[in-house]
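**Q** Okay, here's the structure, questions in a sec.
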Amino acid sequence: MLLVYAGDESVTWRALFASQAPDIACVAWPDAVDPAAVTWIACWNPPEGLFAGFPNLRAVFALGAGVDRLVARTDLAAHVELVRLVDAGMAAQMIEYAQLGVLLWQRRCLDYRAQQLQAVWRKLPPIARGETRVGVLGLGAMGGAVAAALAQAGYRVWGWSRRARQIDGVRCLHEASGLTELLGETDVLVNILPSTMATRGLLDRSHLAQLPAGALVVNAARGDQLDAAALLDLLDSGHLGGALLDVFATEPLPTDSPLWLHPRIVITPHVAASTLSGPAVAQVVDNLRRAHSGGPMSGVVDRSTGY
Ligand code: GLV
């Protein structure tokens with residue numbers, strides 16, 4: 001039996017599962033249910049301890065792409081598979097969000113915004129796509145799609161990932177030396193890495209300082225990967241040109257955060273790539289059917305690497 005936990009939306013999600021897969025028994029938390037009958041849980045932000053109550057749990061499906069919080073849980077036994085969404089309509093959204101960051105820089109939106117606030121009408125030299133160097137961190141289902149789309153659109157794209165990758169039109173790098181090389185020649189840095197032990201704090205002061213003068217940072221992954229204080233210092237010193245931030249170490253971003261009112265920062269409330277219920281449910285159902293027929297599921301997380 002599948003148990004669905006999605007906070008206040010649990011009942012709505014259960015109805016979606018029931019309509020896409022009426023043959024799969026499904027309950028919504030906190031429906032009364034025999035805990036021993038629950039073998040699958042599909043969830044987003046489940047409360048601490050939830051998993052411990054189900055002795056026959058076989059897999060937990062995250063209704064999102066990032067599983068950092070689930071990997072860190074102590075109530076998820078080692079034999080229980082953790083499965084994340086792979087793309088499920090999020091890559092297309094991530095491409096749009098990255099384009100937004102790229103255009104903020106290429107079309108000098110933050111410079112013009114500063115001029116606007118002074119009622120200044122001054123044309124700045126245009127920047128062509130081919131002169132715009134974009135560095136994409138993370139080349140998985142989302143980062144890979146972003147890098148490919150931007151390269152196809154005519155930008156100069158670099159990509160960096162833990163494992164070596166190959167993407168048409170993208171210069172793919174890996175390892176620490178690859179990151180240094182990429183940062184030194186990136187006008188728009190787009191972070192789409194999963195948050196893991198290896199990437200937490202990656203965008204620290206020394207890495208951010210390696211970006212060329214005027215670069216813009218897009219963080220669409222997790223807030224714990226970016227040193228916000230260092231970012232503010234580098235923006236205030238004029239070294240960095242701007243930031244487009246969707247994710248923060250604390251969410252919601254506290255009202256007294258200096259990030260909110262900074263003139264070179266654009267903030268969105270963790271909406272870069274939202275879970276789309278239709279494709280998400282379809283992907284979980286597909287995995288459940290694979291599991292029933294003994295096949296491998298897609299999106300199984302390697303809990304030792306954290307994604
Ligand atoms: C959103 O941040 C997700 O991980 O899906």
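The values are calculated or read from the model by the stated rules, or taken from the named source; none is laboratory data. Values in this document were obtained by computation on a predicted structure and should not be read as measured data. Cβ placement follows ideal geometry from the backbone for every residue including glycine, while neighbour counts extend to all protein chains displayed.
**Q** What residue, among those in the range 147-164 that are of a type outside the set (A, V, I, L, M) and crowded, with 18+ Cβ neighbours inside 10 Å, is nearest to Arg84 (Cα to Cα)?
**A** Among them, the one singled out is Ser161.
**Q** Could I ask something else about it? Of the conditions (1) within 22 Å of the chain's Cα centre (by Cα); (2) part of a loop (DSSP other than H, G, I, E, B); (3) not polar (S, T, N, Q), Ala176 clears all except one; give me its number.
**A** Going through (1) within 22 Å of the chain's Cα centre (by Cα); (2) part of a loop (DSSP other than H, G, I, E, B); (3) not polar (S, T, N, Q) one by one, Ala176 breaks only (2).
**Q** How many residues are surrounded by fewer than 22 Cβ atoms within 10 Å (Cβ to Cβ) and either touching a strand residue (DSSP E or B) at 6+ places or on another chain (Cβ under 8 Å) or modelled with pLDDT under 95 (or both) if we restrict to the range 79-96?
**A** 3
**Q** Just give me the residues in the range 32-46 being touching a residue at least 12 places away in the same chain (Cβ under 8 Å) and away from the ligand (no atom under 16 Å from the Cβ), in sequence order.
**A** Taking the range 32-46 as the starting set, the residues that turn out to be touching a residue at least 12 places away in the same chain (Cβ under 8 Å) are 33, 35-46.
Within the range 32-46, Val33, Pro35, Ala36, Ala37, Val38, Thr39, Trp40, Ile41 qualify.
**Q** Can you pull out the residues in the range 60-86 that are away from the ligand (no atom under 11 Å from the Cβ) and within 15 Å of Ala221 (Cβ to Cβ)?
**A** Answer for the range 60-86, where residues must be away from the ligand (no atom under 11 Å from the Cβ) and within 15 Å of Ala221 (Cβ to Cβ): just Val71.
**Q** Continuing with the same structure: What are the pairs with Cβ atoms under 6 angstrom where one residue, in the range 177-192, is modelled with pLDDT of 95 or more and the other, located anywhere, is among the acidic types (Asp, Glu)? Sequence gap at least six, or different chains.
**A** As it stands, the answer is none, since no pair meets every condition given.
**Q** Looking only at residues that are over 25 Å from Leu139 (Cβ atoms) and of a type outside the set (D, E, K, R) in the range 221-233, which one is surrounded by the most Cβ atoms within 10 Å (Cβ to Cβ)? Explain how you work it out, then say what you get.
**A** Narrowing the range 221-233 to residues over 25 Å from Leu139 (Cβ atoms): 229, 232-233.
With of a type outside the set (D, E, K, R) added as a condition, the list becomes 229, 232.
Working: Ala229: 11, Leu232: 18.
Within the range 221-233, the match that is surrounded by the most Cβ atoms within 10 Å (Cβ to Cβ) is Leu232.
**Q** Now for a separate question. Taking the stated definitions as given, is Gly241 touching a Lys or Arg at 6+ places or on another chain (Cβ under 8 Å), small (Gly, Ala, Ser) and surrounded by 11 or more Cβ atoms within 10 Å (Cβ to Cβ)? Write out each step before concluding.
**A** Values: touching a Lys or Arg at 6+ places or on another chain (Cβ under 8 Å): yes; small (Gly, Ala, Ser): yes; surrounded by 11 or more Cβ atoms within 10 Å (Cβ to Cβ): yes.
Criteria met by Gly241.
**Q** When you go through Gln115, Gln106 one by one, which is the residue that is over 22 Å from Leu173 (Cα atoms) and crowded, with 17+ Cβ neighbours inside 10 Å? Break it down stepwise before answering.
**A** Working: Gln115 fails: crowded, with 17+ Cβ neighbours inside 10 Å.
The unique qualifying residue is Gln106.
**Q** Let me ask another. Is it the case that some residue within the range 132-148 is touching a residue at least 40 places away in the same chain (Cβ under 8 Å) and over 18 Å from the mean Cα position of the chain (by Cα)?
**A** Yes.
**Q** Look through Val190, Val271, Val285, Val281 and report the one residue that is surrounded by fewer than 19 Cβ atoms within 10 Å (Cβ to Cβ) and β-branched (Val, Ile, Thr). Full working, then the answer.
**A** Working: Val190 fails: surrounded by fewer than 19 Cβ atoms within 10 Å (Cβ to Cβ); Val285 fails: surrounded by fewer than 19 Cβ atoms within 10 Å (Cβ to Cβ); Val281 fails: surrounded by fewer than 19 Cβ atoms within 10 Å (Cβ to Cβ).
The match here is Val271.
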